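To keep things clear, I will list the structure first and then write my remarks on it.
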Amino acid sequence: MSEKMRSIHTEKAPKAIGPYVQGNIINGLLFASGQVPLDPETGEVVGATIEEQTKQVLKNISAILEEAGSDFDHVVKTTCFLKDMNDFVRFNEVYASAFSGKLPARSAVEVARLPKDVLVEIEIIAAVNQ
């Protein structure tokens, strides 16, 4: 445990709405908090469909990755929370568009409820340059 943990914060992603940070970097890995489809400026939910909301979530994740000095090509693991697994195919179509290189490992689960009653939340782990 010789390396210190460094927190990530960017105005291009929604502010934490609780006692947590947007992400932490330690030992060359970014552990990002789950992102929901909030507009970073207004804090309001963006979109009504799974496609629209997934696009906003990926935009928020991209901003955190950029702040950490990384990108989607360095995401090693995602955890995807869906309000309705019937949205899985439509979610996958948008989700896949974020990755141009190697795909990350992934878990995807249906949950009873998400913050602000959104349809999707995604958290990531990514490699970063130190």
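The values are calculated or read from the model by the stated rules, or taken from the named source; none is laboratory data. Fair warning: this is a prediction, and the values are worked out from it, not measured in the lab. FYI the Cβ positions are ideal-geometry reconstructions off the backbone, even for glycines, and counts take in every protein chain you see. Heads up: the accessible areas ignore ligands, DNA and RNA and are worked out on the full protein's heavy atoms, side chains in. Shrake-Rupley method; radii C 1.70, N 1.55, O 1.52, S 1.80 Å.
Here are some notes:
- Taking only the Cα atoms of the chain, the radius of gyration and Dmax are 14.0, 45 Å.
- Of the accessible area of the chain, computed with a 1.4 Å probe over protein heavy atoms only, carbon and sulfur atoms account for 53 percent.
- At R0 = 35 Å, FRET efficiency that the Cβ-Cβ distance of Glu3 and Ser100 yields, to 0.05: 0.75
- Scanning residues 5 or more positions from Leu29 or on other chains, those with amide H under 5 Å from its amide H are Val128, with H placed 1.01 Å from N in the peptide plane.
- Summed over the residues of the chain and divided among them, the accessible surface reaches 56 Å² per residue at a probe radius of 1.4 Å.
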